[in-house]
Each structure stands twice: as C-alpha cells, then as structure tokens.
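Okay, structure first, notes after.
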Amino acid sequence: MKHSYHCKFCGKPGEVEYEPVQEFKLQIKKWLEIICCDRCGKFHEEKRLVQDRIFANCMVVIQTKKVQPRPKNADQILASLRTRISNRCIEFAELVCNHLKIQTVNDPAFADMLMDRPDMVNIICGKYFNGLRRQFRREYQKPHND
Ligand SMILES: [Zn+2]
C-alpha cells in the first residue's frame, strides 16, 4: 500500500510504501507523523554522529578537570582537547549550515562554551542548531529537491 506524507522536518511531500498488516494499519497515522525525507534523515544521522564525538571529547574534559592532584600536564591535555573540540565544532557548524544552505557560521565561542561547561554538551549543541534553524527558518522549512 502507498501513502503520501510530509517530512516532519522540512515538510517536503513524499510517498511511502508499506505492507498492509492489520496492526500496522492502525499505527499508520502515528507513523506518518514521524517520518522524514532522505535528505533530512541523512542530515540528522550525521549530526548525531558528530555530536556524539563532541560528547566523547567533553567527557574527557570533565575527567581531566576532576583529577586530583592536578597533573603537571593538565593544561597541555586541555589545550589539545580544545583543539579537537574546536575542529569538531567546525565540522558540526559546516554540517548544519550545509543543510540549511547558508554560509558556514562558526563562532569560536562555541568551543569555549563546551570547554567551560562540558556537562552541557547536548544543550549547547542543541542551542547552536536551534538558533540557526530559527534564524533561517525559511530555508530550513523549504522543501528541498535534492
Ligand atoms: Zn525533509
């Protein structure tokens, strides 16, 4: 059976095919509300992967800051983590901005915030993405043809 849907992220119309199993038929309305187009699906998957890597680095920052007594090379370790996080932030910004089809907006403060509050990594990444999405709402919600 075929059913038309709109991507839950960008609103692009699409069509899905499914096996008409009775139990599934009852769920179809709910299911149609949560599916997205390939472009948005791929983007959100990649975004999660980059965010997971930023998260892993932030966990090391937390551990490094906790070690007592403070190791002699703590500053060196933190500086290297900052570089890694900063590179991942650029990757994250490029991914989001490419998806929104805007010029990459990467604020170095993004990495500073993460170094400062590594425990807030998911909130900080979410704020960055939501800020741009809100700012470029029209581009984001415009159905894309690729
Ligand atoms: Zn979409």
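Any read-out appearing in this document is the output of simple, stated calculations on the displayed coordinates, not a laboratory observation. Fair warning: this is a prediction, and the values are worked out from it, not measured in the lab. Cβ coordinates were reconstructed from backbone atoms using ideal geometry, including for glycine residues, and neighbour counts include every protein chain displayed.
In terms of surrounding Cβ atoms within a 10 Å radius of their Cβ, 1, 115, 120 rank from fewest to most as 1, 120, 115. Note on residue 98 and residue 76: with the Förster distance fixed at 30 Å, the Cβ-Cβ geometry gives a FRET efficiency of about 0.35. Counted by neighbouring Cβ atoms within 10 Å, the residues 101, 72 run from fewest to most as 72, 101. Phi angles of region 61-75 translate, via the Karplus equation with coefficients 6.51, -1.76, 1.60 and θ = phi - 60°, into HN-Hα couplings of 4, 4, 4, 4, 5, 7, 4, 10, x, 4, x, 4, 8, 4, 4 Hz per residue; Gly and Pro are given as x. Only Cα pairs under 8 Å and 6+ residues apart enter the sum, and on that basis the relative contact order of the chain stands at 26 percent. Remark: 4, 80, 86 ranked as 4, 80, 86, counting other beta-carbon atoms within 10 Å and listing the fewest first. List, in the order given, every pair from 101/127; 29/101; 29/127 whose Cα-Cα distance in the structure shown is over 21 Å. Going by Cα-Cα distance, 29/101; 29/127 fall outside the 21 Å limit. Counting charges near residue 111 (Lys, Arg +1; Asp, Glu -1) among other residues having Cβ under 12 Å from its Cβ returns a value of 0.
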